[in-house]
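Participant: There's a structure below that I have some questions on.
The values are calculated or read from the model by the stated rules, or taken from the named source; none is laboratory data. Model, not experiment: these values are computed from the prediction. We place every Cβ from the backbone using ideal geometry, glycine too, and count neighbours over all the protein chains shown.
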Amino acid sequence: MLSDKAMQISPSPTLSIDAKAKKLKSEGKNIVGFGAGEPDFDTPVHIKEAAVEAINQGFTKYTPASGIPELKKAICARLLKDSGTVYQPQQIVISNGAKHSLDNVFSALLNKGDEVLIPAPYWVSYPELVKLNEGVPVIVETLEEHNWKLKAAQIKKALTTRTKALVLNSPSNPTGQIYNREELEEIASVALENNIFIISDEIYEKLIYDRNKHVSISTLGDEIQKLTIIVNGVSKSYAMTGWRIGYTASDPEIATAMAGIQSHNTSNPNSIAQKAAYAALSGPQDCVEEMRQTFEKRRNFMLEHILAMPYLSCATPQGAFYLFINIEETFPLKFRGIAVENSDRFAELLLEHYMIALVPGRGFGAPKYIRLSYAASMDTIQTGLGRLEAFLKELK
């Protein structure tokens, strides 16, 4: 008999589409993939060379459970240089990817029944990770006309005596929106008044467009920094998704708790990948800027073409590499006699008839939307957009 915990976890709708897309590819079909949650660039050469050097030097044994000292120092130096926040190495816990870091955070903070506020649309794993750690995800709806950003009044309305933390994702997956300093100050004020933790997922912080700037809520003063747990990693900024290195920066007491939990769960992060991550964070950063500029060009191209298509609307994403597109106008329509009805059906029809793989919005808490990734080549994007437009023209 499976545990109650296992039974209450919802399967990811993204995996269903992905499985169908892979099956079609294996059958020789030309699938255009807009579902990718990872950069399509190769990991930069100097990072790969650092990993090879680590192997050749025999750096293949256990490391300290929470990560090697030189990588912790590099993370502290990067946080200071990029945002001006001061952290010490003992406040850093390096994990097997940012998802693992989030699991550590919830495991360290939550008692059974504690509530975590999660703004919707949200990354699909937030509610499930909360539930896996016996917490209660409390979904707070945001509005497209507010650029999908949480307001202080909404937080106050959602608060109960069981509220323990708020998840803040800026830039956001799936919407690409970012919070400015004024907006973060309002949220910080509510958090301080009610003594709730801020789990600040900043994994897309380097991928920001239109001369916008990333602001971490941890920079707004010593008091809010103490309540903030930064979650970040090297996956998105350095095209290192498969290397599985994430990290947290937090109050020393929380960091110590997470390090203890991790020591039993995984022993330590991959030793070779830690050396590669050190090279990423401490080495040249021009590769990050080159990737950011490419993503910005792709975003501009996709957004222009999407907004010219019938039935679709989309707020301009300020960061990350996704378009979050409203498709509600297609729901009353039919494709070759088949009712569209919802975003899941929309995605299924596109995959089956036009060989486009994208992610329906239900898993993000926004069932009237779809997510398209522009972590794909311009040729792929042009082909996919052409197919999408042809599909829309068939709707009646």
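Participant: Scan the range 299-347 for residues that are among the β-branched types (Val, Ile, Thr) and not in a helix (DSSP H, G or I) and jot them down.
Facilitator: Listed by number, the residues that qualify are THR316, ILE325, ILE327, ILE338, VAL340.
Participant: Right, next: Among the residues of the range 106-122, is any under 29 Å from ASP286 (Cβ atoms) and touching a residue at least 24 places away in the same chain (Cβ under 8 Å)?
Facilitator: no
Participant: Let me ask another. Residues in the range 190-215 that are without any contact (Cβ under 8 Å) to a residue 12 or more places away in the chain and of a type in the set (Asp, Glu): how many?
Facilitator: Final tally of qualifying residues: 1.
Participant: Hey, could you check the range 264-304 for residues that are surrounded by fewer than 18 Cβ atoms within 10 Å (Cβ to Cβ) and basic (Lys, Arg) and say which is farthest from VAL234 (Cα to Cα)?
Facilitator: It comes out as LYS297.
Participant: Test LEU71 against the stated conditions and say whether it is modelled with pLDDT of 95 or more, closer than 18 Å to GLY246 by Cβ and outside any loop (DSSP other than H, G, I, E, B).
Facilitator: yes
Participant: Return only the number of the condition from (1) under 19 Å from the mean Cα position of the chain (by Cα); (2) more than 20 Å from GLY384 (Cβ to Cβ) that GLN285 does not satisfy.
Facilitator: Just one mismatch for GLN285, condition (1).
Participant: Sticking with this one: Tell me which residues, restricted to the range 111-166, are in contact with a strand residue (DSSP E or B) (Cβ under 7 Å, 6 or more places away or on another chain), assigned to a loop (DSSP other than H, G, I, E, B) and surrounded by fewer than 16 Cβ atoms within 10 Å (Cβ to Cβ).
Facilitator: Within the range 111-166, GLY113, THR160, ARG162 qualify.
Participant: Okay, moving on. Residue check, LEU350 against (1) part of a helix (DSSP H, G or I); (2) without any contact (Cβ under 8 Å) to a residue 24 or more places away in the chain, all met but one. Which one?
Facilitator: The failed condition is (2).
Participant: Looking at the structure I just gave you, is ARG244 assigned by TED's automatic domain parsing to the domain that holds ARG78 and either surrounded by fewer than 22 Cβ atoms within 10 Å (Cβ to Cβ) or farther than 20 Å from LEU388 by Cβ (or both)? Walk me through it before giving the result.
Facilitator: Working: assigned by TED's automatic domain parsing to the domain that holds ARG78: yes; either surrounded by fewer than 22 Cβ atoms within 10 Å (Cβ to Cβ) or farther than 20 Å from LEU388 by Cβ (or both): yes.
Here the answer is yes, as ARG244 does meet what is asked.
Participant: Here's a follow-up. Would you pick out the residues in the range 79-96 that are in contact (Cβ under 8 Å) with a residue 24 or more places away in the chain, part of a helix (DSSP H, G or I) and either surrounded by fewer than 18 Cβ atoms within 10 Å (Cβ to Cβ) or small (Gly, Ala, Ser) (or both)?
Facilitator: Passing the criteria: ASP82, SER83, GLN90.
Participant: Now, a different point. Within the range 241-294, count every residue that is over 24 Å from GLY37 (Cβ atoms) and small (Gly, Ala, Ser).
Facilitator: Counting residues in the range 241-294 that are over 24 Å from GLY37 (Cβ atoms) and small (Gly, Ala, Ser) gives 10.
Participant: Oh, and also: Which of the residues spanning the range 339-376 are modelled with pLDDT under 95 and either assigned by TED's automatic domain parsing to the domain that holds GLU128 or of a type in the set (Asp, Glu) (or both)?
Facilitator: Correct list: ASP344, GLU348, GLU352.
Participant: When you look at PRO332, is it touching a residue at least 40 places away in the same chain (Cβ under 8 Å), more than 26 Å from VAL167 (Cα to Cα) and surrounded by fewer than 15 Cβ atoms within 10 Å (Cβ to Cβ), yes or no?
Facilitator: no
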